[in-house]
């Protein structure tokens, strides 16, 4: 009594196949948000800084160019922290000032988005996070955001 006709079964298979193909097709488009683990050290600074300070965290870049996340530092009295544009070994301008949200925690402000040019820099691996201290005004620790 609950049997499907051969045409209904065929249509059902076509619908299921189309849906699964669409789902698999979306998986490789890079449309999902990407959480990037970042490790900060003095050795990554330009020029390198000799310090025992370190940091780690995760920054998420959305397909809509939204940015969120935070880094936590150890052994540094951070004064300010930023996300900059610049490849490994080169310094660049600040694009996102981070907000100190707790002791040793620096967070991306809510609602932050990259411009098209900044998003292209991100995809090229040319964004980095650094934390500045009184002793190292140009930055004491740094970590590149690798897509």
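Here is the figure for the range 112-147: residues that are part of a helix (DSSP H, G or I) and in contact (Cβ under 8 Å) with a residue 60 or more places away in the chain total 1.
Residues 127, 98, 145: which one is closer than 12 Å to residue 79 by Cβ and touching a strand residue (DSSP E or B) at 6+ places or on another chain (Cβ under 6 Å)?
Details: 127 fails: closer than 12 Å to residue 79 by Cβ; 145 fails: closer than 12 Å to residue 79 by Cβ.
Of the residues listed, the single one that is closer than 12 Å to residue 79 by Cβ and touching a strand residue (DSSP E or B) at 6+ places or on another chain (Cβ under 6 Å) is 98.
Exactly one residue out of 109, 47, 87 is assigned to a loop (DSSP other than H, G, I, E, B), in contact with a strand residue (DSSP E or B) (Cβ under 9 Å, 6 or more places away or on another chain) and without any contact (Cβ under 8 Å) to a residue 24 or more places away in the chain: that is 109.
If I filter the range 98-106 for residues that are closer than 12 Å to residue 40 by Cβ and outside any loop (DSSP other than H, G, I, E, B), do I get at least one hit? Looking for residues that are closer than 12 Å to residue 40 by Cβ and outside any loop (DSSP other than H, G, I, E, B), one finds at least one in the range 98-106, hence yes. The test for being touching a strand residue (DSSP E or B) at 6+ places or on another chain (Cβ under 7 Å) and either modelled with pLDDT under 95 or not in a loop (DSSP other than H, G, I, E, B) (or both) holds for residue 56.
The values are calculated or read from the model by the stated rules, or taken from the named source; none is laboratory data. Quick caveat: nothing in here was measured; it's all calculated off a predicted structure. Every residue, glycine as well, gets a Cβ built from its backbone with ideal geometry; the counts of neighbours run over all protein chains shown.
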